[in-house]
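Asker: First the structure, which I've put down as structure tokens, then a few questions once you've had a look.
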Amino acid sequence: DTGVSQDPRHKITKRGQNVTFRCDPISEHNRLYWYRQTLGQGPEFLTYFQNEAQLEKSRLLSDRFSAERPKGSFSTLEIQRTEQGDSAMYLCASSGQGYEQYFGPGTRLTVT
Amino acid sequence: AQSVTQPDIHITVSEGASLELRCNYSYGATPYLFWYVQSPGQGLQLLLKYFSGDTLVQGIKGFEAEFKRSQSSFNLRKPSVHWSDAAEYFCAVVFMEYGNKLVFGAGTILRVKS
């Protein structure tokens with residue numbers, strides 16, 4: 001059990017650029033979640049997959065955000081035309097049959 | 001709307017003293033309750049969870065939490081704090097009527113003074 005991994009750990013980009021983050025869940029987990037955390041706040045839910053199906057999306061997830069989990073394993077989160085307000089820590093979590101979620105180390109995005 | 005409240009933004013305790021971090025949640029018929037800890041720049045580590053049964057649950061690192069349905073609370077406790085416990089603590093709830101996502105409180109930053 002290697003835990004949830006995320007890549008990259010840090011990303012600095014200029015406003016207007018596109019960025020993509022990757023999450024590899026714990027191998028036997030079929031549920032995968034993305035959250036966003038800004039400074040001084042708790043994480044906020046973005047979206048959720050069960051296997052390859054995206055079952056829920058938050059209203060926080062604007063049209064510039066898209067997430068995929070093509071084979072029910074790893075997932076990607078893409079942000080198009082980044083804005084300064086997108087600067088945050090993006091956290092991925094996975095869960096198996098239970099409801100406890102295990103988090104990766106996060107990807108810190110800075111938009112300049 | 002579903003919400004989780006952690007009333008204390010910062011708490012400072014002396015090493016060796018006891019600790020209690022408060023957490024309240026909005027009404028939910030079937031809440032599943034969690035405490036996570038986050039060190040600076042890191043992801044979240046699960047400390048403990050409550051689904052059903054005994055309302056006093058034990059977690060890792062000597063932490064425990066008590067679920068009180070009548071007060072919609074799930075407070076985290078530790079009898080004797082160590083300097084390494086300094087971190088930010090998040091209470092989180094799954095409101096089963098609204099899916100599997102975690103709803104987090106804003107966090108409590110714990111400082112430990114020697």
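Asker: Anything in the range A:53-72 that is modelled with pLDDT of 95 or more, open to solvent by 10 Å² or more (accessible area, probe 1.4 Å) and assigned to a loop (DSSP other than H, G, I, E, B)? List them, or say none.
Answerer: A:ARG64
Asker: Now a separate question. Mind listing whichever residues of the range A:5-36 are touching a Leu at 6+ places or on another chain (Cβ under 6 Å), in a strand (DSSP E or B) and within 25 Å of B:CYS91 (Cβ to Cβ)?
Answerer: A:TRP34, A:TYR35, A:ARG36
Asker: Could you list, in sequence order, the residues of the range A:6-53 that are among the basic types (Lys, Arg) and touching a residue at least 60 places away in the same chain (Cβ under 8 Å)?
Answerer: Matches in the range A:6-53: A:ARG9, A:LYS11, A:LYS14, A:ARG15, A:ARG31.
Asker: Of these, A:LEU77, A:LEU60, A:LEU55, which one is among the aliphatic types (A, V, I, L, M) and within 11 Å of chain B (Cβ to nearest Cβ)?
Answerer: A:LEU55
Asker: If A:PHE103 passes every condition in (1) within 17 Å of B:TYR36 (Cβ to Cβ); (2) without any contact (Cβ under 8 Å) to a residue 24 or more places away in the chain but one, which one does it miss?
Answerer: (2)
Asker: Can you pull out every residue in the range A:5-31 that is open to solvent by less than 20 Å² (accessible area, probe 1.4 Å) and under 18 Å from A:GLN50 (Cα atoms)?
Answerer: Across the range A:5-31, the qualifying residues are A:CYS23, A:ILE26.
Asker: Where residues in the range B:50-99 are outside any helix (DSSP H, G or I), of a type in the set (D, E, K, R) and over 15 Å from B:VAL4 (Cα atoms), which of them is modelled with the lowest pLDDT?
Answerer: Of everything passing the filter in the range B:50-99, B:ASP54 is modelled with the lowest pLDDT.
Asker: Just for the range A:92-112: of the residues that are under 19 Å from A:ILE12 (Cβ atoms) and facing chain B (nearest Cβ under 7 Å), which one is most open to solvent (accessible area, probe 1.4 Å)?
Answerer: A:PRO105
Asker: While we're on this one: Based on this model, can you work out whether B:PHE104 counts as open to solvent by less than 40 Å² (accessible area, probe 1.4 Å), at the interface with chain A (Cβ under 9 Å from one of its Cβ atoms), of a type in the set (Phe, Trp, Tyr) and over 12 Å from B:ARG22 (Cα atoms)?
Answerer: Spelling it out, B:PHE104 is indeed open to solvent by less than 40 Å² (accessible area, probe 1.4 Å), at the interface with chain A (Cβ under 9 Å from one of its Cβ atoms), of a type in the set (Phe, Trp, Tyr) and over 12 Å from B:ARG22 (Cα atoms).
Asker: Report, by residue number, each residue of the range A:1-23 that is of a type in the set (S, T, N, Q) and modelled with pLDDT under 95.
Answerer: Across the range A:1-23, the qualifying residue is only A:THR2.
Asker: Report whether or not A:SER66 is of a type in the set (Gly, Ala, Ser), in contact with an Asp or Glu (Cβ under 7 Å, 6 or more places away or on another chain) and closer than 29 Å to B:LEU110 by Cβ.
Answerer: no
Asker: State whether the residues of the range B:79-86 include one that is touching a Gly at 6+ places or on another chain (Cβ under 6 Å) and among the hydroxyl-bearing types (Ser, Thr, Tyr).
Answerer: yes
Asker: While we're here: Residues being more than 17 Å from A:GLN101 (Cα to Cα) and open to solvent by 60 Å² or more (accessible area, probe 1.4 Å): count how many of those fall in the range B:40-51.
Answerer: 1
Asker: Continuing with the same structure: Please give the number of the condition B:PRO40 fails out of (1) in a strand (DSSP E or B); (2) within 14 Å of chain A (Cβ to nearest Cβ).
Answerer: (1)
Asker: Moving on. I need a count of the residues in the range B:19-34 that are outside any strand (DSSP E or B), at pLDDT 90 or above and within 14 Å of chain A (Cβ to nearest Cβ).
Answerer: Number of matching residues: 1.
The values are calculated or read from the model by the stated rules, or taken from the named source; none is laboratory data. These numbers come from a predicted model, not from an experiment. Here the Cβ is made from the backbone with ideal geometry for all residues, glycine too, and neighbour counts use every protein chain on show. In case anyone asks, the SASA skips ligands and DNA or RNA and just uses the protein heavy atoms, side chains included. Shrake-Rupley method; radii C 1.70, N 1.55, O 1.52, S 1.80 Å.
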